[in-house]
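Taking it in order: structure first as structure tokens, then the write-up.
Each value in this text was obtained by applying a stated rule to the coordinates, not by laboratory testing. Nothing here was measured: the structure is a model prediction, and the numbers come from that model. Backbone-built Cβ (ideal geometry, glycine too); neighbour counts: all protein chains shown.
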Amino acid sequence: MCLTAHFIDQDWNLRKKIINFGELKGHKGVDIADGIVACLDDWGIYKVFTITVDNASSNDTAVAKLKEVFNTRGTSICDNSFLHMRCVAHILNLVVSDGLGDISLSVKRIREDVRFIRNSPERLKKFNEFAKVQKVEGKRGLCLDVPTRWNSTFLMLQAVERFENVFKMFDMYDDNFRKDLERRKDRHGIIGVPEKDDWENARRMMRFLGKFYDFTLKITGSRYTTSNLFLQEVHSLYHLIHKWETEVEKDYDLSVMASKMKIKYEKYWGDVDKMNKLLYISTVIDPNYKLGFVDYALKRVYPEDGKGGRMAEDVNKATFALFAHYEQL
């Protein structure tokens, strides 16, 4: 288990240090909790504001055990209301991965294009020569994605889209290119060579995934605060997903993808009672936004039956409860 401590030092600098990296007795929640407590005791750390973990059930058990320990020791902050922080980047990965469960044929065709070229040094050399002829310059070449990792699919599409004419040129000069790709099949049938529409579909997919990729980069920063970025970014992503979901006639594949993402989004981020309210409180105390933006964003994302307003009121109460706790210190 690797345990990283994030803290603000005496000079008000944001710091992070790995304070543990070692084996656990087991992978059950109790084992994880015991390992964390032992590490904290070794370092003389007795007060913990939040613990960020992914959504594994063992982590839920571990956090529940830690709450008991901190309550028994009298070191809990606001009765551990803010202790359990689910990793935003991990949830975002689940949201996007659900949407890409059955990725479009256009992306599959481009993936097989790249695989065909990269599988042979001779083909890759010839491809690079054609790229020079087409005046496609730059240090970034073809990269093949890992189908189960959406961010690698985005990076593949981002790298390959400028080579569209190079692939067409390669197809003209290499008889095996089209023959080989038309022999490749998946459960939907022949994959084949990407046509003009496929490249346009891939560019739309790339632009869509790019929003999630940029968000991931922002919230995974470790040298600056990120919690205050959550609401604004997730608010924007929600409306992007909703926009794509409603454009069924314009792009059916992306509409289906967005519908799946929305279901997963609402599972984890659809109810403020199931979320760590610090993600909203950090926006409240950010002078760029404050409570007015939280109220606006929640009401816009959750307009039905006054849900957004009730969620904003809950955030308001949690903010004052946290402030009251610090007043007593």
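Taken about its Cα centre, the stretch 98-185 carries a charge dipole of about 200 debye when Lys and Arg each add +1 at the Cβ and Asp and Glu each add -1 at the Cβ. The charge dipole of the stretch 186-329, taken about its Cα centre with unit charges on the Cβ atoms of Lys, Arg (+1), Asp and Glu (-1) only, comes to about 300 debye.
Listed cross-link partners Lys277/Lys307; Lys218/Lys267; Lys139/Lys211; Lys126/Lys179; Lys125/Lys196 are compared with a 20 Å cut-off, the Cα-Cα value being larger for Lys218/Lys267; Lys139/Lys211; Lys125/Lys196. One equal scatterer on each Cα of the stretch 157-295, no solvent, Debye formula: the resulting log10 I(q)/I(0) at q = 0.11 Å⁻¹ is -0.61.
Taking amide H as placed 1.01 Å from N in the peptide plane, Tyr302 has its amide H under 5 Å from the amide H of Gly308, each at least 5 places away in sequence or on another chain.
When semi-axes √(5λ) of the Cα gyration tensor in Å is computed from the coordinates, the matching label among [x] 41, 22, 20; [y] 45, 24, 18; [z] 37, 25, 23 is [y].
In sequence order, the stretch 167-173 has phi-based couplings of 5, 5, 5, 4, 4, 5, 9 Hz under the Karplus curve 6.51 cos²θ - 1.76 cosθ + 1.60, θ = phi - 60°, and Gly or Pro positions carry x. For the chain, the residue among Phe212, Phe320, Asn59 whose Cα projects farthest onto the positive side of the dipole built from Cβ charges is Phe212. Taking chymotrypsin sites (Phe, Trp or Tyr not before Pro) in DSSP loop conformation with at most 10 other Cβ atoms inside 10 Å as exposed sites, the chain has its longest uninterrupted site-free stretch at 13-223. Helical runs (DSSP H, four residues minimum) scored at -39500 (n - 2.57) apiece and divided by the length of the chain put the mean residue ellipticity at 222 nm at -19500 deg cm²/dmol. Reducing the stretch 191-257 and the stretch 92-154 to their Cα centroids gives an inter-centroid distance of 18 Å. By definition, a body whose alpha carbon gyration tensor gives a ≥ b ≥ c is oblate when a/c is 1.5 or more and a/b is not larger than b/c, and the stretch 119-160 fits this oblate description.
The H on the amide N of Asn20, modeled in the peptide plane, is under 5 Å from the matching H of Leu3, each at least 5 residues off or on a different chain.
The distance linking the stretch 47-70 with the stretch 261-297 is 21 Å (Cα centroid to Cα centroid, whole angstrom).
Dipole orientation for the chain: of the candidates Asn151, Gly99, Phe230, Asn151 has the Cα lying most toward the positive pole (charges on Cβ; Lys, Arg +1; Asp, Glu -1). Near Ala89, once Lys and Arg are set to +1 and Asp and Glu to -1 for all other residues with Cβ below 11 Å from its Cβ, the sum equals +1. The loop-placed trypsin sites (Lys or Arg not before Pro) in the stretch 220-252, going by DSSP, that have at most 14 neighbouring Cβ atoms within 10 Å of their Cβ come out as Arg223, Lys250. Seen against the Cα atoms of the chain and their longest principal axis, helix 57-73 is set at about 20 degrees.
Taking the square roots of five times each eigenvalue of the Cα gyration tensor of the stretch 228-313, the equivalent ellipsoid has semi-axes of 26, 13, 12 Å, listed largest first. Cβ under 15 Å from Leu237's Cβ, Leu237 left aside: what net charge do those residues give with Lys, Arg +1 and Asp, Glu -1? Within the 15 Å Cβ shell, the charges total +4.
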